[in-house]
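The values are calculated or read from the model by the stated rules, or taken from the named source; none is laboratory data. Since this is a predicted model, take the numbers as computed values, not measurements. Backbone-built Cβ (ideal geometry, glycine too); neighbour counts: all protein chains shown.
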Amino acid sequence: MVIVDTSIWVDSLRTFDDRLAGWIATDRLLQHPFVTAEIGMGSFSSVGDRAKLIDLLESFTQTEVADDRQFHSFVADRELFGTGIGFADAHLLYACTVNPDARLVTRDKRLIEQAERLGIEIA
């Protein structure tokens, strides 16, 4: 299973991504609701396009989302504060830890660094 960050999705909207298409075709994608929300905040040519894209992203298997207590505990226990990653990125790392067979798909250097430090595989 793979968890794909926002930048990968955005890039795939501009240029076809064979790897992403393969993960979708083989039902290996776990979608995080915060990534869907970030994409929904982006610019699209029409409201209809936005709605279709959000519907598509919501149709994929969704990852577990940490509640506030789980999130703050995870950030503290893993010492993620001050590492340069953001709120959604920390949630993606949490999702990878509760889905141990999941790999993270990102190009974000700080996120990769923290994922590797936590033993999370990068696809």
Across segment 1-16, the tally of residues that are more than 18 Å from residue 96 (Cβ to Cβ) and either modelled with pLDDT of 95 or more or not acidic (Asp, Glu) (or both) stands at 6
For segment 82-123 the number of residues that are touching a residue at least 60 places away in the same chain (Cβ under 8 Å), crowded, with 16+ Cβ neighbours inside 10 Å and among the aliphatic types (A, V, I, L, M) is 7
Of the residues in segment 4-22, those that are in contact (Cβ under 8 Å) with a residue 12 or more places away in the chain and either under 10 Å from the mean Cα position of the chain (by Cα) or more than 22 Å from residue 109 (Cα to Cα) (or both) number 6
